[in-house]
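Colleague: Before we start, here is the structure in question, set down as structure tokens.
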Amino acid sequence: MKSMTCQQLGGACDHIFKAETFEEMAEQSKQHGMEMYKIKDEAHMEAMAKMQDLMKSPELMQKWFSDKKAEFDSLPTV
Ligand SMILES: [Zn+2]
């Protein structure tokens, strides 16, 4: 099990996600982001707007994803 914070995953808070795989981690982060979006949390709305900008470019998005995956892979398993 590895853990990453919301902030590390392009979010806006210290919420910790724990997962076995990066895909699982990304999914949890997405769910959390949607919940924050629902309650209109300003910091997260801003972070999501930045991510959406990034998503306009498939290359940048791919790079972001593989960078984060590398970060995940380098984390110690707890
Ligand atoms: Zn968050």
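Colleague: Could you tell me which of the residues MET51, MET4 is in contact (Cβ under 8 Å) with a residue 40 or more places away in the chain, at negative phi, within 15 Å of the ligand (Cβ to nearest atom) and not in a helix (DSSP H, G or I)?
Modeller: On the way: MET51 fails: not in a helix (DSSP H, G or I).
When all the criteria are applied, what remains is MET4.
Colleague: I'd like the residue in the stretch 7-38 that is touching a residue at least 12 places away in the same chain (Cβ under 8 Å) and surrounded by fewer than 14 Cβ atoms within 10 Å (Cβ to Cβ) and, out of all such residues, is nearest to the ligand (Cβ to nearest atom).
Modeller: ILE16
Colleague: What are the pairs, 6+ residues apart or on separate chains, where a residue within the stretch 58-78 that is touching a residue at least 60 places away in the same chain (Cβ under 8 Å) and within 13 Å of THR21 (Cβ to Cβ) has its Cβ under 8 Å from a residue that is of a type outside the set (Gly, Ala, Ser) and part of a loop (DSSP other than H, G, I, E, B)?
Modeller: THR77/MET1
Colleague: Let me ask something else. Given ASP67, ASP73, ASP41, which one is within 11 Å of the ligand (Cβ to nearest atom), out of contact with any His (no Cβ under 7 Å at 6 or more places or on another chain) and of a type outside the set (A, V, I, L, M)? Give the steps one after another, and end with the answer.
Modeller: Numbers: ASP67 fails: within 11 Å of the ligand (Cβ to nearest atom); ASP73 fails: within 11 Å of the ligand (Cβ to nearest atom).
Sole residue among the options that is within 11 Å of the ligand (Cβ to nearest atom), out of contact with any His (no Cβ under 7 Å at 6 or more places or on another chain) and of a type outside the set (A, V, I, L, M): ASP41.
Throughout, read-outs are computed from the coordinates displayed, never taken from laboratory work. Just so it is clear, the structure is predicted and the values come from calculations on it, not from any experiment. Counting neighbours? That spans all protein chains shown, and the Cβs are built from the backbone with ideal geometry, glycine included.
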